[in-house]
1. Quote to one decimal, in nm, the extra length available between residue 85 and residue 184 on full extension: 0.36 nm per residue of separation minus the C-alpha distance between them.
2. Explain nothing, just the number: dipole magnitude of the range 351-567 about its Cα centre with +1 on each Lys and Arg Cβ and -1 on each Asp and Glu Cβ, in debye rounded to the nearest 20.
3. Pop a pseudo-label 7 angstrom from the Cα along the beta-carbon direction at both residue 459 and residue 99 and give the gap in nm to one decimal.
4. Using Cβ counts within 10 Å as a stand-in for footprinting exposure, how do 477, 257, 461 rank, fewest first?
5. Give the order of 65, 512 when sorted by the count of other beta carbons within 10 angstrom, beginning with the fewest.
6. Fully extended, how many nm does the chain gain between residue 536 and residue 378 (0.36 nm per residue separation, minus their Cα-Cα distance)?
7. Given R₀ = 45 Å, FRET efficiency for residue 432-residue 195 by Cβ-Cβ distance, to 0.05?
8. Once the piece of chain linking residue 124 and residue 327 is laid out straight, how much longer is it, given 0.36 nm per residue of separation minus the C-alpha distance between them?
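Derivation of every value follows stated rules applied to the coordinates shown; laboratory data play no part. Predicted model only: the values in this text are computed from it and were never measured. Please note: Cβ atoms are built from the backbone with ideal geometry, for glycine as well, and neighbour counts cover all protein chains shown.
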Amino acid sequence: MRLMIHLFRAYPMPSFLMVLALFLSGLAEGLGLSAMLPMLNIALASGEAAETASPPGELEQMVLDVLAWLGVPPTLGALLLLIVAMATLKAILLLAAQRQVGYTAARVATDLRLEVLRNMMRSRWSFFLHQPAGRLTNALATEAQRAADAYMFGTTALTFFIQAIIYGSVALAVSWQATLIGLLAGAAVIWLSHYLVRTARRAGKRQTDLMSSLMSHLTDTLQSVKPLKAMAREGQTDDMLRGETARLNKALRKQVLAGAALDAGQDLMFVILIAFGVYLAIGVLSMQFATVLILAVALGRTFAFLGKVQKQYQKLAQAESAYWSLKETSARAKAEQEHLGGHVAPTLERGIVLRDVRFAYEGHSVLGGLDLEIPARRITTLVGPSGSGKTTVIDLVIGLLRPEAGEIFIDGVPFETIDLRAWRRMVGYVPQETVLLHDTVLHNVTLGDPTISEARVRAALEKAGAWDFVAALPEGLETLVGERGGRLSGGQRQRIAIARALINAPQLLILDEATSALDPESEAAIIATLRSLRRDLTILAITHNEALAQAADVVHRLEVGGTLSRAG
């Protein structure tokens, strides 16, 4: 129950209101059940003489005293009305409690998703790079929902536990000796069944681990469907995923078997227990039939609810590992939060300077004392072989990475003193692989920002040289671009990506191999667009293409090891 204590502390007021409503509903049900004993005695004694009728027991006399205090006659009709009234009150309170449970469970899932997402997005880039996309997707979708389900199972168990206490209290009032014996026998049944709960907990933990791994591999595979199909290697994907799927299926089978065994075995043991108790009470101890009937109902319901508590706890045990997995992911991401620099507001009027910058990836030197200048309002290109550190330079300029030695200056101001978030708001970034969302052109440019008007979108598209072809599309800005932008050509996708980078009027536009996959005509059009943009902003581009290098104002050629061999 550690999970429930943790969640009750996280959501104290909703949890308090829920428990209060559950307690009052259980109390109402207990009062209705208590009224059944005098009602049965009235019905059974209706044909007997008053002198031969049995005297009321303690519980019956207590109910009669309450009715007398309320001024309600102890008649059959009044008792039936009391039972109906208590059932109605119980239904209303239970509805209120269940509604509160549902609302809180939805909030648990939402809060967990937001917590993980925020901490992950605020983490250092080097940490984020090591997180499989499928694992994060699984956490936000499957694990968050399973955590919310665990809360539902826990609160349902609490509901049944409160009702068990109420029915047990009624049974104690009827005969504490018989109730005590019955509860001890019921506890033995619960103890014998607990092995199945532990089995389900282990299966649930295994399911959490395997689902995370499977989703990671599945996401990677789906991103590579085209080359796999092109080379007729789909079968290897099936072979790779079959093993994990089989292990996941085995864990699910254990989980299902444990649940089914608990349902069948526990119910049977409780029925045997009640049957033996009724036989003992009537056949051996000669107790009154009405008393035995109420006792059987009260203890039977107590056992039934205790059994439901254990079944819901079993489901909680199966699902709670997802919650702790989410919290662990969130905690690791929070521990890796990046430092956002100082508080100096950045400007970009003169340019960016790297002085004696050194950087290494996991002990492998990438930049070894690099000196480099990027003048403002010019096109600067970085060229050189793979592994020479071009992308690393861009990541350092953006602030995704920090140099191990040396300094970076923005308009002469040390990078460490600059407000990093404000600096990034001045950056427009176009990655090497242009991936558009399966949505409209408008959404791909705005990324869903409701504050961006269509006029701003059109202006960005015009600057990117994309408005003419967008206006000619069947639905203009509302045209769906297809999965990963597949309904557009490579040049069109690239222009949409440039418009996305320009939408917030950046002062620095960064292009990472943005023209590498384009045909000469599309590349020439993009270069013409970039040359027109340099009047208003600074452009830094990585390229292997001579055409863009020739169009640049400054060319920095990097060699492997991150040294500058020549500047143009």
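1. 32.3 nm
2. Working: 22 positive and 28 negative charges, 74 e Å.
For this selection, approximately 360 debye.
3. 4.8
4. Values: 477 19, 257 14, 461 26.
The most exposed by this proxy come first: 257, 477, 461.
5. Numbers: 65 11, 512 19.
Final ranking by Cβ density, sparse to dense: 65, 512.
6. Details: separation 158, 0.36 × 158 = 56.88 nm, distance 0.93 nm.
Once the chain is fully extended between residue 536 and residue 378, it gains 56.0 nm.
7. Values: r = 55 Å, r/R0 = 1.23.
After rounding to 0.05, the efficiency reads 0.20.
8. Extra length from residue 124 to residue 327 when fully extended: 71.3 nm.
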